Structure formats: C-alpha cells, structure tokens
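All remarks here apply to the structure that follows.
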Amino acid sequence: MDQTIQGGAALITTAQKVLVFTGAGLSTESGIPDFRSPGGLWERYDPSEFYFQKFISDEKAREKYWQMSTESYQLMKDARPNRAHLAIRDLEETGKLLAIVTQNIDYLHHKAGNSPEKIIEIHGTVVTVSCLSCGKQYGRDIIEDRLRSGVKVPYCDGCSGILKPDTISFGQAMPEDKMALSFQYAQECDLCIVLGSSLVVYPAASVPIRAVETGAKLLIINRDETPLDQSADLVIHDSVGKALGDMMEIVIRRNEC
Ligand code: APR
C-alpha cells in the first residue's frame, strides 16, 4: 500500500477529534462537476452573473440564476454518495469525527448516512427554497414543478416576495452561527482533513487555517495544488475516493485488531 496512504491512515488512527472540511471535488466522482476545474461550472457560466445583489435587483438575472440552479439541482438530486462520502461515514462510526464543515450544497453527506447534527453546510443547501421577504420555506421539488410548468421566476405564495434556493451566493452574508461553530470545531480538533477543495474562497478556507493555527495536524487530499499545501503535514494529489477510501480501510482494520 502506497506510503502516503499509510501515512494518512496513521494520522487518522492517532487522532481523537477529526474535523473534515469538504469542497466540490468530493462530489465529482458522483457525477457533479466542481467549479474551477476544466469543465467546471465557472467555465460554463460567468460567476459574476450570479452575485446576490444582481439576483435581488434584476428579474433577468433571477431567470438566468434559476436556469443554472435547476440544471445543477437535477444532477445533485439524482447523484449518489461515492467512496469518499462513505469513508467519512465510516470515520464517524469510529467515534473520531467531530464534524463535517462542507462548502457543498448537494446533500450527499446526508445521503451517505452521516448524522445531520455533524454536518455544517456553510454555503447552504439546494434542497430547500426560501422567501427573502417573509422567510417562508418550500421544498425544492415544489418550486421545480412550477419552473417545469413554465414559470420563469418563482415568487412567494404568501407575500409575493423573491424566492431563492437556500444556498449562499457570492456577495451574500454567510450564516454567522454555522461559521462560529465551524471555527470552534477548528480550534477543538487535533486533525483537519481537507477533501476536494481549491481553498481559494473565503471565509470558508479560513476554517482549516484556524485548525492549523491552533495546533491541529492537516491532511489535504486534492487532485490539484492548494494554497495551504505548505502548511500541511501530508498532501495527496490524487482521487479523494481512492485515497480516503484506502486510508479508512487501513484504519478500520487496525481498529478491529
Ligand atoms: N479527487 C480529488 N480532488 C478533486 C477531484 C477528485 N475526484 N475532483 C476535483 N478535485 C479538486 C480539484 O482539483 C479542485 O482543486 O477539487 C477542487 C475543487 O475546487 P473548486 O472547484 O474551486 O471547488 P470548491 O473549493 O468547493 O469551491 C469553493 O466556490 O464557487 C464557490 O460556493 C462555491 O462552495 C464553492 C466555493
């Protein structure tokens, strides 16, 4: 077994409190493109079109947003957790998992069977939609039915307010409670594992930085280089499914001995 995989398994075996930080690269092996890789979402769409300010001030921008979002939602709705998601579920079963701080909105950590209270979705989720005026929440499929029936931009039944998926757009305020909890776990963990993130988007990327600053070990599994590679105890530029899946097999085998 590759030395680096053995090294990663040793970090996990030694750790008591593991914080897992995930990005879109975790879900590419489930058929969902990431954002910044070749063929990624931001290669097909211009991200500046989807800023929150534009969404709330321009009906045409809202129409374009819903087109892009519906396309992503259909992919995410049908997607299944891959080997990496299941390895994180296995990590929880070892009792070492403190929390999963995820930038992903695809609900795959839930589908993999991790406990909802351990999953912190700092960029929100695609599975619900809320009114920006009265806060009324809708299941996503209810709104998708309206869009399929020809509605271009959905509005709230209650107050005619603007509806938006419960995801955090560029320029939109981050959920303070979830960020505070994420930093608390970053300070508490003794190992932070980054999986499939370019670590270029803030304030999300400051969570693993906080973990390192407060003494935790850092393991990064990401196909491409990240700005945090130099601060890591171990970096693996390979598939998350293969690397983390192989590591957890070793950890579980050792636990059984
Ligand atoms: N295995 C390992 N790494 C992978 C894999 C894979 N199968 N597939 C992709 N990657 C890596 C890529 O090399 C890339 O560095 O995952 C990383 C994904 O980076 P981004 O596309 O930038 O995604 P992410 O870091 O999650 O983006 C952060 O930006 O657009 C916003 O809100 C959006 O939450 C998102 C945030």
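The values are calculated or read from the model by the stated rules, or taken from the named source; none is laboratory data. Bear in mind the structure is a predicted one, so any value in this text is a computation, not a measurement. Cβ placement follows ideal geometry from the backbone for every residue including glycine, while neighbour counts extend to all protein chains displayed.
Points worth noting:
- Test: GLY171 is closer than 15 Å to HIS123 by Cβ and either in contact with a Phe, Trp or Tyr (Cβ under 8 Å, 6 or more places away or on another chain) or within 12 Å of the ligand (Cβ to nearest atom) (or both): yes
Rundown of residues vs (1) of a type outside the set (Val, Ile, Thr); (2) modelled with pLDDT of 95 or more; (3) surrounded by fewer than 18 Cβ atoms within 10 Å (Cβ to Cβ), yes/no style:
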site: ASP2; (1), (2), (3): yes, no, yes
site: VAL20; (1), (2), (3): no, yes, no
site: GLY25; (1), (2), (3): yes, yes, no
site: ASP34; (1), (2), (3): yes, yes, no
site: ASP46; (1), (2), (3): yes, yes, yes
site: TYR51; (1), (2), (3): yes, yes, yes
site: SER57; (1), (2), (3): yes, yes, yes
site: PRO81; (1), (2), (3): yes, yes, no
site: HIS85; (1), (2), (3): yes, yes, no
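- Residue selected from segment 147-177 under the condition surrounded by 16 or more Cβ atoms within 10 Å (Cβ to Cβ) and among the charged types (D, E, K, R), by the criterion nearest to LEU19 (Cα to Cα): ASP166
- Among the residues of segment 1-42, those identified as of a type in the set (Gly, Ala, Ser) and outside any loop (DSSP other than H, G, I, E, B) are GLY7, GLY8, ALA9, ALA10, ALA24, GLY25, SER30.
- Residue in segment 188-202 that is in contact with a Gly (Cβ under 6 Å, 6 or more places away or on another chain) and in contact (Cβ under 8 Å) with a residue 60 or more places away in the chain present: yes
- The residues of segment 181-216 that are over 14 Å from ALA232 (Cα atoms), more than 16 Å from the ligand (Cβ to nearest atom) and not aliphatic (A, V, I, L, M), listed by number, are PHE183, GLN184, TYR185, GLN187, GLU188, CYS189.
- Pairing each residue of segment 228-248 that is over 13 Å from HIS85 (Cβ atoms) and touching a residue at least 12 places away in the same chain (Cβ under 8 Å) with any residue that is within 11 Å of the ligand (Cβ to nearest atom) and of a type in the set (Gly, Ala, Ser), provided the two are 6+ apart or on different chains, yields C-beta distances under 8 Å for LEU228/ALA205; ILE236/ALA243.
- Test: residue in segment 164-173 that is acidic (Asp, Glu) and under 27 Å from LYS64 (Cα atoms): yes
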